[in-house]
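Step one of this worksheet: look at the structure below.
Read the figures in this text as sums done on the coordinates, not as results from a lab. Keep in mind that this is a model prediction, so the values were computed, not measured. Cβ placement follows ideal geometry from the backbone for every residue including glycine, while neighbour counts extend to all protein chains displayed.
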Amino acid sequence: MAASVLDDLQALPEYRPSIGCVIPAYNEEESIAAVLTSLLEQTRLPDVVHVVINNTTDRTFDVAADFAGPHVVERDGVGQRTEVYVHDIGENPDKKVGALNYGFSLIEGCDYMLGVDGDTTAHPDAVEWLAQEIVSDARIGGISAIYSIDDRPFRGPVQRFLIAGQRAQFAAFNMQNMLKGRNMAVLGGQFSIFSMRALHEVMDANHQGSPWVKDSEVEDSLLSLQVKSAGYLTKISARARADVGGMHTLRGLDAQQVKWNFGAIELMWPGQRGDTKGQPFHPNLRLRWVEHASMAMNFLTRVLFVLLLVASLSIHAFVFSPLWLVPPVVAVALNLRVVASMKHRTWRDVLFAALIAPAEVYMWIRLGHFLRAWTRFASKKQTDNWAEQAKAERGSGNAHLAPVAIVLLVMAAAVYGWLQLDVVAQSTILWFGWPVLAVITAMQTLGMVGKLLRRQFGYRV
């Protein structure tokens, strides 16, 4: 009798938590088919997929509609079923936030919500790994996949350069989070899974009618902070991977990065602007503070070096020291270490890291984004950064050139002021300036050496 009962228990099907997938889509005609195909090729299918099209002006709906309906997929003799729904909600003033919240309302009753961007393709086992990880620990409120930039569609030299820079940037960011106990500062909307219970608790705790709110430039960062504040863990997956569509123009990259930086500053800064309350001491923002301090130091050292070099050459006082070769050598070694940690690196990734010039040019581009975000924040001017990004992706606007013009004007003014000084004043400035720069650079170099030598525990990004 006992054996019969045990046999009956073992024959019962295991509990399978339900996963509702939401894909907000804006002008994703070129990528939405690949996104849906990658979801239907998963080893663990989402139980339902809702494509929420908003504000689109292309054929996104027509392409996605070809996937609408039930799908039955057999894996190792076991059949899985899902159904794809396609919704076009027309003009949506809340943009991606509105589409996410609309999709969230459609999957009420599911255990977990999988958010996928309309240009993100997942590796075949991504959903399976995310599901296993979040089910394994009830304390986890959300898990992000390991993101990389898909470089296959790009052919031009500028496009490949920008994609290689973004791949290196994503890899370094992912590794930082993995080495901090796999605690993810931002559950990126590109490919993340959330506990529906956690999202409801966030809504209750913050008196919100929906998980995402439109008053933040970085809706995913704000939600990640709220999930953490509700007592849940926010993690990055150990194995689930997804490839994100990259920005292949300077305009598009500038608009995206300025929006991200501006939104992060709003969350970091004490006080409150509008409905967004700054949380400078929130644990999820510690890495943001470190990143912004590092960018400020990078800007300071580079501008000082250029100004001091030009000043020294102008009075024939420059004396080369081999010690100045140490920082770029360490930087190249650190870049190569980052590339070595990439699971699917290419020869372009290695070349980007090994040559000093590409990484240095990309750093100057990032410094431009950093400066634009902080000056925009300081100006207190109300700007729709979502609209600015959409305009930039259409090839409109020249705001990305503003930092170049400002830096050139500042340097030109510094050179003019330098030429008005007498030799004694010039010598005094150089006597003081070079040692100060040397000390700052030495501190930066030691920081890079520390990153170069730290253990990575076998993590791959």
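Per residue of region 82-93, what does 6.51 cos²θ - 1.76 cosθ + 1.60 with θ = phi - 60° give for ³J(HN,Hα)? Whole Hz please, x for Gly and Pro, Karplus curve as stated.
9, 9, 9, 10, 10, 10, 10, 8, x, 5, 9, x
Given R₀ = 45 Å, FRET efficiency for Met448-Arg197 by Cβ-Cβ distance, to 0.05?
After rounding to 0.05, the efficiency reads 0.60.
If you keep only loop residues by DSSP, which GluC sites (Glu not before Pro) in region 82-145 have at most 10 other Cβ atoms within 10 Å of their Cβ?
Glu91
Indicate the gyration tensor shape class of region 239-283 (rounded, prolate or oblate), computed on the Cα atoms with a ≥ b ≥ c the square roots of the eigenvalues: a/c under 1.5 is rounded; otherwise a/b larger than b/c is prolate and the rest oblate.
Taking the square roots of the gyration eigenvalues as a ≥ b ≥ c, region 239-283 is oblate.
Note the direction-averaged projected area, equal to a quarter of the hull surface, for the Cα convex hull of the chain, in nm².
Spelled out: convex hull of the Cα atoms, projected over all directions, averaged, 26.2 nm².
Indicate the helices, whole DSSP H runs only, in the chain that combine a mean Kyte-Doolittle hydropathy of 0.5 or more with a Cα extent along their long axis of 18 angstrom or more.
286-314, 326-340, 402-419, 423-453
Around Ile146, which amide H atoms from residues at least 5 apart in sequence, or from another chain, sit under 5 Å from its own amide H, with H modelled in the peptide plane?
Placed amide hydrogens put Ser237, Ala240, Arg241, Ala242 under 5 Å from Ile146.
Which net charge results for the neighbourhood of Phe352, defined as the other residues with beta-carbon distances under 13 angstrom from its beta-carbon, given Lys and Arg at +1 and Asp and Glu at -1?
With Lys, Arg at +1 and Asp, Glu at -1, the net is +1.
Which of the chymotrypsin sites (Phe, Trp or Tyr not before Pro) found in region 404-461 are in a DSSP loop and have at most 13 neighbouring Cβ atoms, other than their own, within 10 Å?
Phe457
Using helices alone, what [θ] at 222 nm do you get for the chain, with -39,500 (n - 2.57) per DSSP H run of 4 or more residues, divided over all residues and rounded to the nearest 500?
Computed ellipticity for the chain at 222 nm equals -17500 deg cm²/dmol.
Could you check the simple spin-label distance between Phe457 and Ala333, using points 7 Å along Cα→Cβ, in nm with one decimal?
2.4 nm
Taking Cα centroids, how far is region 242-276 from region 63-124 in Å?
Between the Cα centre of region 242-276 and that of region 63-124, the gap is 25 Å.
Between beta-carbons, use under 14 Å as the cut-off and find the net charge around Leu233, counting Lys and Arg +1, Asp and Glu -1.
Around Leu233, the charge tally is +3.
For a quick check: with amide H placed at 1.01 Å from N, whose amide H comes under 5 Å from Gln80's, ignoring anything fewer than 5 positions away on the same chain?
Close amide H contacts, sequence-distant or interchain: Val73, Glu74, Arg75.
For Glu30 and His207 in one chain, what is 0.36 nm times their gap in residues minus the Cα-Cα distance, to one decimal in nm?
59.9 nm
For every other residue with a beta carbon closer than 11 angstrom to the beta carbon of Arg167, add +1 if it is Lys or Arg and -1 if Asp or Glu, then tell me the sum.
My count for the surroundings of Arg167 gives -1.
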